[in-house]
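The next block holds one structure in the form of structure tokens; read it before the comments.
The values are calculated or read from the model by the stated rules, or taken from the named source; none is laboratory data. Values in this document were obtained by computation on a predicted structure and should not be read as measured data. Glycine gets a Cβ as well: all are built from the backbone with ideal geometry, and neighbour counts include every protein chain shown.
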Amino acid sequence: QVTLTIFELASAAGIPCEVDPALVNVLAGNKPDVSSPEEDSKVACLLLVFVAVSLPLLASDPASIYNTEVDAYNNTIHCLAKAIIHVSAALFTVHNKNIETHLKEFLLV
């Protein structure tokens, strides 16, 4: 909680942070009351497994090929890595888990 407060202060001052405090607050606010923290943590891990398994399918999509006419990708796949990092950092901050360890596990999948 102290780390999150520091990130909130830094974000308010315009300093870039490893973890987006606004995203953490949204994810923490959307947790159902009926599930246990262990189940929520497992769901967060399963979300990363789903993303890891889906990456090859997404990469083989014709829209994932670089389009020289528009100088970009048609499906903005280039943003996916940053999105994975930010969402997983926020999820594991909510669950008080080690972000680096879980991202290393993600790379192994």
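Here are some notes:
- Set L80, L57: member being at pLDDT 85 or above and loosely packed, with under 13 Cβ neighbours inside 10 Å: L57
- Looking only at residues in segment 89-102 that are out of contact with any helix residue (DSSP H, G or I) (no Cβ under 6 Å at 6 or more places or on another chain) and not in a loop (DSSP other than H, G, I, E, B), the one that is modelled with the highest pLDDT is T101.
- Filter result for A83 (in a helix (DSSP H, G or I), of a type outside the set (V, I, T) and out of contact with any Leu (no Cβ under 7 Å at 6 or more places or on another chain)): yes
- Residue in segment 7-16 that is modelled with pLDDT of 85 or more and either of a type in the set (S, T, N, Q) or outside any loop (DSSP other than H, G, I, E, B) (or both) present: no
- Annotation: of all residues in segment 47-61 being part of a helix (DSSP H, G or I) and farther than 15 Å from L91 by Cα, the one that is nearest to the chain's Cα centre (by Cα) is A52.
- Where a residue in segment 96-107 is among the aromatic types (F, W, Y) and its partner, wherever it lies, is surrounded by 15 or more Cβ atoms within 10 Å (Cβ to Cβ), with Cβ under 6 Å and at least six apart: F106/L48; F106/A52
- Subset of segment 60-77 (residues that are in contact with a helix residue (DSSP H, G or I) (Cβ under 7 Å, 6 or more places away or on another chain) and either at pLDDT 90 or above or not hydrophobic (A, V, I, L, M, F, W, C) (or both)): S64, Y73, N74, N75
- Residues within segment 19-52 that are modelled with pLDDT of 80 or more and either under 18 Å from E105 (Cα atoms) or acidic (D, E) (or both), tallied: 16
- Any hit, segment 26-48, residues being in contact (Cβ under 8 Å) with a residue 12 or more places away in the chain, closer than 24 Å to L9 by Cβ and in contact with a His (Cβ under 7 Å, 6 or more places away or on another chain): no
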